[in-house]
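The values are calculated or read from the model by the stated rules, or taken from the named source; none is laboratory data. Owing to the predicted nature of the structure, the values given are computational and were not obtained by experimental measurement. Methodologically, a virtual Cβ is constructed for each residue, glycine included, from the backbone with ideal geometry; neighbour enumeration extends over all protein chains shown.
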Amino acid sequence: MTPDNMNVLEVVRGVVEEHGGKAEELIPILNDVNRTIGYLPKEALEEIGRLVKTPKSKVSSVATFYTMMTTKPRGRHVIQFCESAPCHVAGGREVWLAIQDQLGLEDGETSEDGKWTLITASCLGLCGVGPIMLVDEDMYGNVTPSQVPEILARYS
Amino acid sequence: MTFFRSHILVSIDPLSQAKGAYEIIDALNDELVAQGLIDEVQVLETSRIGDPEIYGPDIMVYPEGVHYAKLAPEDIHFLVKEHFLKGRVVDKFVVKQIPKSDDELGPPKPKEVRVVLRNCGVIDPYNIEDYIAVDGYMALARSISDMTPEEVIQTVLDSGLRGRGGAGFPTGRKWQFARASQGSPKYVICNADEGDPGAFMNRRVLESDPHAVLEGMAIAAYAIGSNQGYIYCRAEYPEAVRTLKIAIEQAREFGLLGDNILGSDFSFDLEVRMGAGAFVCGEETALIASIEGSRGEPRTRPPFPAVKGLWGQPSNVNNVETYATVPQILLKGAEWFSSMGTENCKGTKTFALAGDVKNTGLIEVPMGITLREIIFEVGGGIKHDKGFKAIQTGGPMGGCLPSSNLDLPVDYESLGQAGSIMGSGGMIVMDEDTCMVDIARFFMEFTQEESCGKCVPCRVGTRRLLEILTRICEGEGKDGDIETLEMLCEQIKQDSLCGLGQGAPNPVESTLKHFRDEYEAHIYEKRCPAKVCRAMIRYEILEDMCTGCTVCARNCPVDAIHGERRQPHIIDPDTCVRCGICLQVCNFSAVTIK
């Protein structure tokens, strides 16, 4: 769902209520809203601040601190690539460059057609099968550069 | 608690589920009812037994320890009748050799001693009775009923247990401080923000033996006089969070958490808090800030959390492994624990072995074991029989140790003196094809990104280090770079606020110390000895090896390879982006790096 066909404020109010409207629940609230809407639009941050009685500046500073929250809309498919050392040593560097080459995107960028967002993930703890890449919820292990086009072609 | 003569464990990992694990469970229960055995044999779920790809759906029957694989619901009638009614093992379903239990944690390897990992893969983490059956919560019961809080602390002190999060502070001393602190309420916090790349020991413990952590926390709470605990778990571990929540719920039902535990006047409850992706939250003061709902930024210590922690109250912070060790110490005694390890480092430690080593995965070894024993005996040596180059211990704040350090005993002090750290227990083994400058750059990229930005030495310093290292890797290193790196390392170490900044220069300092020649080759000869840094290498096709099969040309993403079919091909160095795909797809070893 995109913010266009979803009432951002309604989502926010539902989530805040679920967490009892407490200021110390700010991080779980932001996480849930981020998960439901896909990102944290400005109006969501303002509404959260109002409801949990926390200054806008603090809500915004928390929302921009944690990597799992984003204040920018993302593409239809989000590719997360594990940038951690075990994956790196296992050939992850070549795979990461292959993904970037193939999509013409750098870390954190979203393609112009809104299809792809490319980001790095911190260690997912699945180091036994590195290099690891996640496309949305799908996990790919032991990825090689030559598999990249084939994996990406599965998504429309 | 009802006793059963046999238990059937059924793997219910996702792949086994897809292969019909739940149909097997239903069929087993139906058959046990039909054959009148339901009061004697219990069916339990477990995470995984063998590789589900090969064996699924599979079951393990105890006490015999028979592993039946590749079952179908229609086999169950016969299986139950033969095995449980007639007492005959059904050979055709038995997995002959003892299978590797999983990728992360096989059967104990030589030199391993499992204390923290003892229940992983053995008990059902979703069933508290399984934990109780292996003496679970006995240590808590004993502490509450037979011991004073001071005696509990004394036992932990005597055992010599030191913090397994990496810094190695004596756990008993920490508890003493928290107990002595004035103020109420007090909090017990479990640091489950295992952010070090390549370290997943805590994840495995949380997923496979969550009650050991809960029990350890409850004992700590009794010792320091706390009634409320928090487990701060990173959001990258959704499965661990789920398992913990189930475990907490079950412990409450059994009266092992909540008010008046086991009928005593001791009350303690727990809550799970999830992180949101910030490495620095593994630092205890940052973790506390994050639980409070703020940016996870560290603050200066003292005051230590034991004096002023969560919500300004006295708090005790230990990591997952420390808490999971505590019940064992109280159960088996301080002497048992301190009989393992070295003079100053007692007990065992879990490590995650990763990188270019044959047996990757989790291990648990006594303190004081040498790096050589870990890599070549427990780890089985270097992959593809290549040469060993370095081992990086302790995560991104650790150092890279060369082969001359292989006989170093693994304990907090020895690793520290060698320029690395124990850290939480990540170990990355690197073979001869690794470029140490690139590795240093890589770790700096990580710390630079994860620096929270609060203090200048860390925020700006790591960025400067990264810029210089990147320049060197791109073939633009210049005279004086090494000296600047050394100066920066020194200053960042001295002046940073928390462990992240103080440890950040370790990968650079240690590689400068042990692999200085590689830096010099990059800077002065514009040469990458390991042939890794793209700016200093060139891909070429060996004319006499190339068969002209065109595979490389077809796979080249930038069309840099030309040549007629069945004629040797040529790579145009100006177009080539050095992605390495040609090298990987060539079946005739005709592509080389110059």
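Structural remarks
- The residues of the stretch A:103-145 that are in a strand (DSSP E or B), in contact with a helix residue (DSSP H, G or I) (Cβ under 9 Å, 6 or more places away or on another chain), under 23 Å from B:D196 (Cα atoms) and touching a residue at least 24 places away in the same chain (Cβ under 8 Å), listed by number, are A:L118, A:T120, A:M133, A:V135.
- Residue match in the stretch B:347-364 (condition: in a helix (DSSP H, G or I), more than 24 Å from B:L206 (Cα to Cα) and under 22 Å from the mean Cα position of the chain (by Cα)): no
- The condition of being within 13 Å of chain B (Cβ to nearest Cβ), touching an Asp or Glu at 6+ places or on another chain (Cβ under 9 Å), assigned to a helix (DSSP H, G or I) and within 20 Å of A:G128 (Cα to Cα) holds for only one of A:V89, A:V59, A:V95, that being A:V89.
- Among residues of the stretch B:137-185, those that are basic (K, R) and either under 20 Å from B:A251 (Cβ atoms) or out of contact with any strand residue (DSSP E or B) (no Cβ under 7 Å at 6 or more places or on another chain) (or both), counted: 3
- Filter result for A:F65 (part of a loop (DSSP other than H, G, I, E, B), aromatic (F, W, Y) and modelled with pLDDT of 90 or more): yes
- Of all residue pairs spaced 6 or more apart or on separate chains, those with beta-carbon atoms under 7 Å, a first member in the stretch B:167-181 that is assigned by TED's automatic domain parsing to the domain that holds B:S226 and within 19 Å of B:S338 (Cα to Cα) and a second member that is buried (at least 16 other Cβ atoms within 10 Å of the Cβ) and among the hydroxyl-bearing types (S, T, Y) are B:G168/B:Y412; B:T171/B:T322.
- Leading residue by the ranking (farthest from the other protein chains (Cβ to nearest Cβ)) among those in the stretch A:120-137 that are closer than 27 Å to B:K531 by Cα and among the aliphatic types (A, V, I, L, M): A:M133
- Residue list for the stretch B:129-167, filter: among the small types (G, A, S) and either surrounded by 21 or more Cβ atoms within 10 Å (Cβ to Cβ) or under 16 Å from B:V115 (Cβ atoms) (or both): B:G136, B:A139, B:S143, B:S159, B:G160, B:G163, B:G165, B:G166
- Helices (runs of 4 or more DSSP H) wholly inside the stretch B:477-552 that include at least 1 residues being among the basic types (K, R): B:481-495, B:506-514, B:516-524
- Of all the residues in the stretch A:63-77, those that are out of contact with any Gly (no Cβ under 6 Å at 6 or more places or on another chain) and either at the interface with chain B (Cβ under 7 Å from one of its Cβ atoms) or of a type in the set (D, E) (or both) number 2.
- Scope the stretch B:277-287; condition touching a strand residue (DSSP E or B) at 6+ places or on another chain (Cβ under 8 Å) and at the interface with chain A (Cβ under 8 Å from one of its Cβ atoms); matching residues: none
- Scan the stretch B:25-41 for residues that are touching a helix residue (DSSP H, G or I) at 6+ places or on another chain (Cβ under 9 Å) and crowded, with 17+ Cβ neighbours inside 10 Å and the total you get is 6.
- For the stretch B:553-579, taking the residues that are surrounded by 15 or more Cβ atoms within 10 Å (Cβ to Cβ) and not in a loop (DSSP other than H, G, I, E, B), the one that is nearest to the chain's Cα centre (by Cα) is identified as B:N555.
- Neighbours by Cβ (under 8 Å, 6+ apart or cross-chain): first from the stretch B:225-240, over 8 Å from B:G275 (Cβ atoms); second assigned to a strand (DSSP E or B) and aromatic (F, W, Y): B:S226/B:Y187; B:S226/B:F268; B:N227/B:F268; B:Q228/B:Y187; B:Q228/B:F268; B:G229/B:Y187; B:G229/B:F268; B:Y230/B:Y187
- Meets criteria (of a type in the set (S, T, N, Q), closer than 25 Å to B:G499 by Cβ and surrounded by fewer than 23 Cβ atoms within 10 Å (Cβ to Cβ)) for B:S181: yes
- The residue of the stretch B:288-310 that is farthest from the other protein chains (Cβ to nearest Cβ), among those that are touching a residue at least 24 places away in the same chain (Cβ under 8 Å), not in a loop (DSSP other than H, G, I, E, B) and not polar (S, T, N, Q), is B:I288.
To keep it simple, each residue is scored yes or no on (1) more than 12 Å from chain A (Cβ to nearest Cβ); (2) farther than 23 Å from B:G195 by Cβ; (3) buried (at least 22 other Cβ atoms within 10 Å of the Cβ).
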site: B:I391; (1), (2), (3): no, no, yes
site: B:G399; (1), (2), (3): yes, no, yes
site: B:P402; (1), (2), (3): yes, yes, no
site: B:Q417; (1), (2), (3): yes, yes, no
site: B:I421; (1), (2), (3): yes, no, no
site: B:G425; (1), (2), (3): yes, no, yes
site: B:V429; (1), (2), (3): no, no, yes
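- Filtered residues of the stretch A:5-33 (kept if in a loop (DSSP other than H, G, I, E, B) and either over 17 Å from A:K53 (Cβ atoms) or more than 10 Å from chain B (Cβ to nearest Cβ) (or both)): A:M6, A:N7, A:H19, A:G20, A:G21
- Here A:Q100, A:Q80 are screened, and the one residue that is under 20 Å from the mean Cα position of the chain (by Cα), within 12 Å of chain B (Cβ to nearest Cβ) and either assigned to a strand (DSSP E or B) or acidic (D, E) (or both) is A:Q80.
- Here B:F351 passes the criteria (1) more than 30 Å from B:K383 (Cα to Cα); (2) within 14 Å of chain A (Cβ to nearest Cβ) except the one numbered (1).
- Selected residue (criterion: nearest to the other protein chains (Cβ to nearest Cβ)) from residues of the stretch B:247-276 that are surrounded by 19 or more Cβ atoms within 10 Å (Cβ to Cβ) and part of a loop (DSSP other than H, G, I, E, B): B:A276
- All of (1) modelled with pLDDT of 95 or more; (2) away from chain A (no Cβ under 14 Å); (3) in contact with a strand residue (DSSP E or B) (Cβ under 8 Å, 6 or more places away or on another chain) hold for B:V320 with one exception: (2).
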